[in-house]
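Report on the structure given below.
The values are calculated or read from the model by the stated rules, or taken from the named source; none is laboratory data. This is a predicted model, so every value here is computed, not measured. Please note: Cβ atoms are built from the backbone with ideal geometry, for glycine as well, and neighbour counts cover all protein chains shown.
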Amino acid sequence: MNLDKKQWLLIQRYVTGNIGPIEKRDLENWMAESLENRRLVLEVKEIWNQAPPEEFEVDVQHAWEQFRYRNQKNTRHKAPIIGYVRKKPGVGVYLFRAAAVLLVALFSGLFVYHQMNQAEQREAEQASIFNVLQELETDKGEKARVTFSDGTRVTLNSASSVQFPQEFRGDTREVFLEGEAYFEVAHNPDKPFIVHSQDAEIEVLGTEFNVRGWNEDPNVEVVVRGGKVSVQSTILQPDERTPVILTEGLKTELERGQNPMEPVRVDPVRHLLWTSGGMYFDNEPLHRVVQDLERRFNVNVTVEDQSLLNVPYTGTFQYAELDEVLTVIGASMEVGFSREGSEVRFH
């Protein structure tokens, strides 16, 4: 069964319990399309549930021997059994058990056993191990920074997550983002850097850019501070895709099921204020402003007059303190507000 990377990521998140409600609905709809789809997910989940909670390495050779044996026997296609060996204490692979993630490589046909000589097989096995994804995740009110193995630096906004391999192998450097992050990509013209966010694929060689794309948002926003990136949809068929090229100071937005919009010129510094403690809203409907406030300050915001939620708001805060932001928004929207702990109400 040949699945795209987005489907494998959804399956991985589903079996590990890290899937959001919208992604879960999408995967369950896909499972309902055929018995084969449903069986595949259930088999992956069974492998995951049988794996021990301790960290482990994957015995790829054993997995492939099982896979080849079943093919030769012409039996019904089943998920290969993943062997494992326990690691010595102190050797860490951050957060993810490897079995379900490795199935991305096993099922998607990246390896064809009988076409490989021994050296090629070993190289592929090592690549699979290093493709096990690690995850950095932030809660509401938090930000985090991480440096990848290639030297790329990432600043992760609140309520966001980024998944990345322990070490980049192969011809590309690929990561998966949910939420917002600022990337300072280490230059490597021989190995493009690719960010997957919702239905968008952002490809660069070496640059600085910001990606905003929470699952609950209707679109993905990409702003380039320096260099050049290519943005395209991954949900459209290849012959329907129209990539957009962004250079310094340009922004595009990509709605689900659509090609990216024509680039517009913006001030990237404003769009990056969040990395230094500020906030910037550019004609944003109030409901998105509320979402940002909830993520940034870990509060619950209620707007009594629902008709205000679609009213656009523009504002810049060099360094955002919650009470200051609430006061300015209230004055601009001509509404009052009250705050009790983490509960905020506009009235």
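Quick notes
Conditions tested, residue by residue: (1) in a helix (DSSP H, G or I); (2) under 21 Å from the mean Cα position of the chain (by Cα); (3) not hydroxyl-bearing (Ser, Thr, Tyr).
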{"site": "Glu253", "(1), (2), (3)": "no, yes, yes"}
{"site": "Val269", "(1), (2), (3)": "yes, no, yes"}
{"site": "Thr275", "(1), (2), (3)": "yes, yes, no"}
{"site": "Glu284", "(1), (2), (3)": "no, no, yes"}
{"site": "Arg288", "(1), (2), (3)": "yes, yes, yes"}
{"site": "Glu294", "(1), (2), (3)": "yes, yes, yes"}
{"site": "Leu309", "(1), (2), (3)": "yes, no, yes"}
{"site": "Thr314", "(1), (2), (3)": "no, no, no"}
{"site": "Thr327", "(1), (2), (3)": "yes, no, no"}
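- Residue list for segment 231-251, filter: in contact with a helix residue (DSSP H, G or I) (Cβ under 9 Å, 6 or more places away or on another chain), within 20 Å of Asn210 (Cβ to Cβ) and either part of a strand (DSSP E or B) or hydrophobic (A, V, I, L, M, F, W, C) (or both): Ser233, Leu250, Lys251
- Residue pairs whose Cβ atoms lie under 7 Å apart, separated by 6 or more positions or on different chains, with the first residue in segment 130-151 and assigned to a loop (DSSP other than H, G, I, E, B) and the second modelled with pLDDT of 90 or more and among the hydroxyl-bearing types (Ser, Thr, Tyr), are Thr138/Ser158; Thr138/Ser160; Lys140/Ser158; Gly141/Ser158; Glu142/Ser158; Lys143/Thr155; Lys143/Ser158.
- Where Asp171 falls short, out of the listed (1) closer than 25 Å to Arg295 by Cα; (2) surrounded by fewer than 17 Cβ atoms within 10 Å (Cβ to Cβ): (1)
- Close pairs from segment 22-33: first more than 16 Å from Glu178 (Cα to Cα), partner outside any helix (DSSP H, G or I), Cβ under 9 Å, at least 6 apart: Leu27/Ile19
- For segment 316-325, a residue qualifies if it is in a loop (DSSP other than H, G, I, E, B) and either of a type in the set (A, V, I, L, M, F, W, C) or surrounded by 15 or more Cβ atoms within 10 Å (Cβ to Cβ) (or both), and exactly one does: Ala320.
- Some residue of segment 238-248 being of a type in the set (S, T, N, Q) and buried (at least 19 other Cβ atoms within 10 Å of the Cβ): no
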